[in-house]
Amino acid sequence: MNPLVFKTSARPQFVRALVVVATCALLTSCRVDSVVTLDVEPDGSGTLAIVTTADAEVVAKYPNLASELSFDDAKAAGWSVSDVATTPEGAMQVRVAHHFVNPEEATDLLGQLSSEFGPFKDLVLTRTGKDTDSTWNLVGKLQVNDGLKAFADPQLLTTIGASPFQATLANSGLDIGQAVGVTFNLKLPGEIESTTGISKFGTVQWNAAFDGSTQDLTTTTQNTAVAATIARIFSPLLRWILILWIVGMAAFSAFVALWRYRRHRRTPTL
């Protein structure tokens, strides 16, 4: 059900289902939303997750949608896929996620979520500095071009016969953003130094516009591990203090032993 993950590897029937649902959602006031979250740990590992929700009206119009979706290609590519769940409001929801071990892997995964038409373009995650004092940077753009083309390869759209549905959208004069939503959440280690998104409780958020406009995702954070830095600075000092304490205790013990020995020798024997 997630266009962001499957645009490069989806089976035609999946993308066709997506295109039909998106078109009908727009024309009947239904809605499908995807929330993409990049969550990065201080060591550079983390998770890229996509949660897609089709509202109750979509579920009512396509009751067999859950059983018709195929995630085999995503699983084969290393993505974990949750069971399709039903929310208390009657919406259908699924989570697709992939773990990464460093910023380079995260960049590769982000590259799987887009094409020349969007929604993500040229996203790159980097880290500079030491483990205890790192600067994190994310650069890239959020942009949706040509409606449905942002969610599937143009050749694939042609193969599955999506042109009539694209024409329906074009002729309706309606905005695909009324039926489809894409939100990007970013969680980087450390304090936010600069960002173009909306920051709330350590998470930066952007909402994709469907008018072709571009949003700059550039974000910089500074992560200083205070405890680790203090430990690194004072570790040699603490080592010498420990050595001096051991030497001092040994000297004191020797002094006490010598004092007792001399006292014992001076004590007259009856």
Answer residue from segment 83-103, given it is more than 21 Å from the chain's Cα centre (by Cα) and surrounded by 17 or more Cβ atoms within 10 Å (Cβ to Cβ) and is nearest to G46 (Cα to Cα) among those: M92
Out of T224, T267, sole residue that is of a type in the set (V, I, T), at pLDDT below 70 and either surrounded by 10 or more Cβ atoms within 10 Å (Cβ to Cβ) or farther than 30 Å from F201 by Cα (or both): T267
Conditions (1) free of Cβ contacts under 8 Å to residues at least 60 places away in the same chain; (2) surrounded by 14 or more Cβ atoms within 10 Å (Cβ to Cβ); number of the one not met by A106: (1)
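Conditions tested, residue by residue: (1) within 23 Å of the chain's Cα centre (by Cα); (2) within 18 Å of V32 (Cα to Cα); (3) at pLDDT below 65; (4) in the same structural domain as I50 (by TED's automatic domain parsing).
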{"residue": "K130", "(1), (2), (3), (4)": "yes, no, no, yes"}
{"residue": "G140", "(1), (2), (3), (4)": "yes, no, no, yes"}
{"residue": "T158", "(1), (2), (3), (4)": "no, no, yes, yes"}
{"residue": "G173", "(1), (2), (3), (4)": "no, no, yes, yes"}
{"residue": "I176", "(1), (2), (3), (4)": "no, yes, no, yes"}
{"residue": "G190", "(1), (2), (3), (4)": "yes, no, no, yes"}
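Restricting segment 73-82 to residues that are surrounded by 13 or more Cβ atoms within 10 Å (Cβ to Cβ) and within 20 Å of the chain's Cα centre (by Cα), which is farthest from Y62 (Cα to Cα)?
From segment 73-82, those surrounded by 13 or more Cβ atoms within 10 Å (Cβ to Cβ) are 73-74, 77, 79-82; that's our starting set.
When the remaining residues are screened for being within 20 Å of the chain's Cα centre (by Cα), the result is 74, 77, 79-82.
Working: A74: 22, A77: 28, W79: 25, S80: 24, V81: 21, S82: 20 Å.
The residue in question is A77.
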Any chance E57 is more than 30 Å from P189 (Cα to Cα), of a type in the set (D, E, K, R) and assigned by TED's automatic domain parsing to the domain that holds D39: yes
Search result, residues across segment 45-67 that are over 15 Å from V32 (Cβ atoms) and loosely packed, with under 15 Cβ neighbours inside 10 Å: P63, N64, S67
Hits in segment 69-91 (condition: in contact with a Phe, Trp or Tyr (Cβ under 8 Å, 6 or more places away or on another chain) and not small (G, A, S)): L69, F71, D73, W79, V81
Enumeration of residues in segment 127-140 that are in contact with an Asp or Glu (Cβ under 9 Å, 6 or more places away or on another chain) and either free of Cβ contacts under 8 Å to residues at least 60 places away in the same chain or surrounded by fewer than 20 Cβ atoms within 10 Å (Cβ to Cβ) (or both): D131, T135, V139
Qualifying residues in segment 142-155 (those that are surrounded by fewer than 18 Cβ atoms within 10 Å (Cβ to Cβ) and either in contact with a Phe, Trp or Tyr (Cβ under 8 Å, 6 or more places away or on another chain) or outside any loop (DSSP other than H, G, I, E, B) (or both)) - the one modelled with the highest pLDDT: N145
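The values are calculated or read from the model by the stated rules, or taken from the named source; none is laboratory data. What you see is a predicted model, and the numbers here were worked out from it, not measured in a lab. When we count neighbours, we look across all protein chains shown, and the Cβ atoms used for this are built from the backbone with ideal geometry, even at glycine.
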